[in-house]
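Everything on this sheet refers to the single structure shown next.
The values are calculated or read from the model by the stated rules, or taken from the named source; none is laboratory data. Computed from a predicted model, the values in this text were never measured in an experiment. Cβ placement follows ideal geometry from the backbone for every residue including glycine, while neighbour counts extend to all protein chains displayed.
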Ligand SMILES: Nc1ncnc2c1ncn2[C@@H]1O[C@H](COP(=O)(O)OP(=O)(O)O)[C@@H](O)[C@H]1O
Ligand code: SF4
Ligand SMILES: [Mg+2]
């Protein structure tokens with residue numbers, strides 16, 4: 001049994017503009033001590049999917065199951081949930097001030113959280129633990145800084161303090177939602193290093209959410225690529241980097257500075273993420289896909305195996321009509337893709353492809 005087993009999670013919101021289908025069926029497992037990277041552009045449903053696990057999406061319509069150590073998080077009552085939040089599953093957000101209250105000292109907040117879940121611990125013991133945790137996450141002079149207010153910390157230090165808070169109760173799983181997005185590149189790398197080290201030290205499982213595939217490269221064991229509320233490619237990190245199948249995953253790889261596929265040039269994905277109220281027909285990526293074929297416009301591709309499972313049973317699935325063998329960034333694969341596209345593009349897809357191609361020419365960065 002995996003630590004967390006999410007099966008066909010669907011989340012939607014009723015709004016005055018219509019129903020927002022934020023998460024349209026996602027399935028994944030997280031095993032003990034492993035890191036799952038969830039990657040996708042802004043608005044693809046990453047935060048809603050993970051916040052729903054802890055029922056932090058009030059007003060949402062939710063279906064599916066999310067078994068944490070065999071217990072369905074989506075069916076827990078308020079009392080059971082309180083015991084899980086923080087103690088079993090910790091969360092780290094992009095904006096530390098959403099977890100750190102600006103008017104209370106950093107240490108006090110960590111101490112209160114520890115004592116809420118472990119009431120038998122004395123104040124002095126909890127304070128000692130808070131100082132120790134701040135030290136572990138790299139806050140210098142932790143025994144003094146423990147009495148600082150959040151605004152006295154830099155952005156990077158606040159993020160470290162939030163990690164200390166997430167670790168305070170030694171949870172089995174940490175969900176980190178874009179924890180480095182607001183930070184500059186150097187601090188970002190330090191925070192990723194820290195998470196990696198702590199995760200190994202504490203043997204915690206981690207779900208790392210990001211819009212930047214480059215972040216995942218350093219940290220994830222497995223990767224789930226999300227587009228328009230659905231997984232479009234799901235596999236281990238190595239397979240995703242060297243043998244991507246879905247054109248969206250390939251596009252994300254090519255938009256990482258210095259990535260192999262881009263040959264030193266940044267190649268942004270043309271167009272905008274779709275509305276989750278009116279999701280495009282067929283393959284939801286079709287209005288932006290350079291490989292669009294006729295059937296992509298009308299038929300939704302199912303998530304299906306495109307490669308063999310690795311030695312620990314992690315498979316390689318993709319939701320795309322291109323041939324299963326169209327894996328990777330090499331010229332041989334490109335020929336395979338071109339052949340499939342040549343045969344599959346006879347009608348509407350031809351015009352669409354011409355438009356996408358002119359968009360691409362207009363957006364390529366030097
Ligand atoms: N409370 C809400 N009510 C209505 N729509 C929401 C709500 N929360 C999120 N959404 C919508 O759900 C979609 C997915 O959002 P989100 O999960 O935050 O994306 P991501 O984290 O991938 O950037 C977006 O279209 C967003 O506007
Ligand atoms: S199914 Fe078609 S439109 Fe969708 S990603 Fe694959 S080739 Fe592109
Ligand atoms: Mg988000």
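Got a number for residues in the range 1-19 being surrounded by fewer than 19 Cβ atoms within 10 Å (Cβ to Cβ) and in a strand (DSSP E or B)? Before the answer, list the steps.
Filtering the range 1-19 down to residues surrounded by fewer than 19 Cβ atoms within 10 Å (Cβ to Cβ) leaves 1-2, 5, 7-8, 13-19.
This time we only want the ones that are in a strand (DSSP E or B), so: 5, 7-8, 13-15, 18-19.
Of the residues in that region, 8 qualify.
So which helices (runs of 4 or more DSSP H) are wholly in the range 264-366 and hold at least 2 residues that are within 28 Å of the chain's Cα centre (by Cα) and under 25 Å from residue 20 (Cβ atoms)?
Of the helices (runs of 4 or more DSSP H) lying wholly inside the range 264-366, those with at least 2 residues that are within 28 Å of the chain's Cα centre (by Cα) and under 25 Å from residue 20 (Cβ atoms) span 294-298.
For the range 55-73, give me each residue that is crowded, with 17+ Cβ neighbours inside 10 Å and either out of contact with any strand residue (DSSP E or B) (no Cβ under 7 Å at 6 or more places or on another chain) or without any contact (Cβ under 8 Å) to a residue 60 or more places away in the chain (or both). Walk me through it before giving the result.
Of all residues in the range 55-73, those crowded, with 17+ Cβ neighbours inside 10 Å come to 55, 57, 60, 64, 66-68, 73.
Residues satisfying the conditions are 55, 57, 60, 64, 73.
Report yes if some residue within the range 190-204 is away from ligand 1 (no atom under 16 Å from the Cβ) and at pLDDT 90 or above; otherwise report no.
Restricting attention to the range 190-204, the residues satisfying the condition of being away from ligand 1 (no atom under 16 Å from the Cβ) are 190-204.
Applying the additional criterion that residues be at pLDDT 90 or above yields 204.
Scanning the range 190-204, I find at least one residue that is away from ligand 1 (no atom under 16 Å from the Cβ) and at pLDDT 90 or above, so the answer is yes.
Residues are listed down the side, and each one gets a yes or a no for (1) touching a strand residue (DSSP E or B) at 6+ places or on another chain (Cβ under 7 Å); (2) surrounded by 20 or more Cβ atoms within 10 Å (Cβ to Cβ); (3) at pLDDT 95 or above:
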| site | (1), (2), (3) |
| --- | --- |
| 96 | no, yes, no |
| 118 | no, no, no |
| 123 | no, no, no |
| 148 | no, no, yes |
| 166 | yes, yes, no |
| 176 | yes, yes, no |
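In the range 54-65, how many are assigned to a loop (DSSP other than H, G, I, E, B) and either over 25 Å from residue 35 (Cα atoms) or away from ligand 3 (no atom under 16 Å from the Cβ) (or both)? Full working, then the answer.
Step one: of the range 54-65, the residues assigned to a loop (DSSP other than H, G, I, E, B) are 54-60.
Imposing the further condition that a residue be either over 25 Å from residue 35 (Cα atoms) or away from ligand 3 (no atom under 16 Å from the Cβ) (or both) reduces the set to 55, 58-60.
The total comes to 4.
Quick test for you: out of 68, 13, pick the one residue that is out of contact with any helix residue (DSSP H, G or I) (no Cβ under 8 Å at 6 or more places or on another chain), at pLDDT 95 or above and on the phi < 0 side of the Ramachandran plot. Spell out how you get there, then give the answer.
Details: 68 fails: out of contact with any helix residue (DSSP H, G or I) (no Cβ under 8 Å at 6 or more places or on another chain).
One residue alone meets the criteria, 13.
Any residue at all in the range 261-274 that is out of contact with any helix residue (DSSP H, G or I) (no Cβ under 9 Å at 6 or more places or on another chain), free of Cβ contacts under 8 Å to residues at least 60 places away in the same chain, within 16 Å of ligand 1 (Cβ to nearest atom) and under 23 Å from residue 231 (Cβ atoms)?
Scanning the range 261-274 turns up no residue that is out of contact with any helix residue (DSSP H, G or I) (no Cβ under 9 Å at 6 or more places or on another chain), free of Cβ contacts under 8 Å to residues at least 60 places away in the same chain, within 16 Å of ligand 1 (Cβ to nearest atom) and under 23 Å from residue 231 (Cβ atoms).
Kindly provide the set of residues from the range 192-206 that are under 16 Å from the mean Cα position of the chain (by Cα) and either within 14 Å of residue 167 (Cα to Cα) or surrounded by fewer than 19 Cβ atoms within 10 Å (Cβ to Cβ) (or both), ordered by number. Can you show your working first?
Taking the range 192-206 as the starting set, the residues that turn out to be under 16 Å from the mean Cα position of the chain (by Cα) are 192, 195-196, 205-206.
Answer for the range 192-206, where residues must be under 16 Å from the mean Cα position of the chain (by Cα) and either within 14 Å of residue 167 (Cα to Cα) or surrounded by fewer than 19 Cβ atoms within 10 Å (Cβ to Cβ) (or both): 195, 196, 205, 206.
Give the residue that is nearest to ligand 3 (Cβ to nearest atom), with candidates limited to residues of the range 66-102 that are more than 19 Å from residue 30 (Cβ to Cβ) and assigned to a loop (DSSP other than H, G, I, E, B).
Going through the qualifying residues, I end up with 94.
For the range 225-256, which residues satisfy the criterion of being within 23 Å of residue 189 (Cβ to Cβ), more than 16 Å from ligand 2 (Cβ to nearest atom) and either in a helix (DSSP H, G or I) or outside the structural domain of residue 273 (by TED's automatic domain parsing) (or both)?
236, 237, 238, 241, 242
Give me the pairs: first residue in the range 113-136 and touching a residue at least 60 places away in the same chain (Cβ under 8 Å) and in the same structural domain as residue 156 (by TED's automatic domain parsing), second residue assigned to a helix (DSSP H, G or I) and surrounded by fewer than 16 Cβ atoms within 10 Å (Cβ to Cβ), beta-carbon distance under 9 Å, and six or more apart or on different chains, which are they?
Correct list of pairs: 136/201.
Would you mention how many residues in the range 266-311 are modelled with pLDDT under 95, buried (at least 18 other Cβ atoms within 10 Å of the Cβ) and either away from ligand 2 (no atom under 14 Å from the Cβ) or on the phi > 0 side of the Ramachandran plot (or both)?
1
Only residues that are assigned to a strand (DSSP E or B) and within 16 Å of ligand 3 (Cβ to nearest atom): list them for the range 25-46, please. Let's see the steps before the verdict.
The initial filter retains those residues of the range 25-46 that are assigned to a strand (DSSP E or B), namely 25-30, 35-39.
Matches in the range 25-46: 26, 36, 37, 38, 39.
Going through the range 250-265 one residue at a time, which ones are buried (at least 22 other Cβ atoms within 10 Å of the Cβ) and at pLDDT below 80?
Selection gives nothing.
So residue 91 clears everything in (1) surrounded by fewer than 19 Cβ atoms within 10 Å (Cβ to Cβ); (2) more than 16 Å from residue 6 (Cα to Cα); (3) in contact (Cβ under 8 Å) with a residue 60 or more places away in the chain except one condition, right? Which one?
In the conditions (1) surrounded by fewer than 19 Cβ atoms within 10 Å (Cβ to Cβ); (2) more than 16 Å from residue 6 (Cα to Cα); (3) in contact (Cβ under 8 Å) with a residue 60 or more places away in the chain, residue 91 misses (1) alone.
Here is a list: 318, 284. Which entry is within 16 Å of ligand 1 (Cβ to nearest atom) and closer than 20 Å to residue 40 by Cα?
Values: 318 fails: within 16 Å of ligand 1 (Cβ to nearest atom).
Step by step, each of 318, 284 is checked, and only 284 is within 16 Å of ligand 1 (Cβ to nearest atom) and closer than 20 Å to residue 40 by Cα.
Being within 16 Å of ligand 2 (Cβ to nearest atom), outside the structural domain of residue 314 (by TED's automatic domain parsing) and closer than 18 Å to residue 209 by Cα narrows it down to one residue among 44, 32, 99; which is it? Talk me through it step by step, then tell me what you get.
On the way: 32 fails: within 16 Å of ligand 2 (Cβ to nearest atom); 99 fails: within 16 Å of ligand 2 (Cβ to nearest atom).
Going through 44, 32, 99 in turn, just one is within 16 Å of ligand 2 (Cβ to nearest atom), outside the structural domain of residue 314 (by TED's automatic domain parsing) and closer than 18 Å to residue 209 by Cα: 44.
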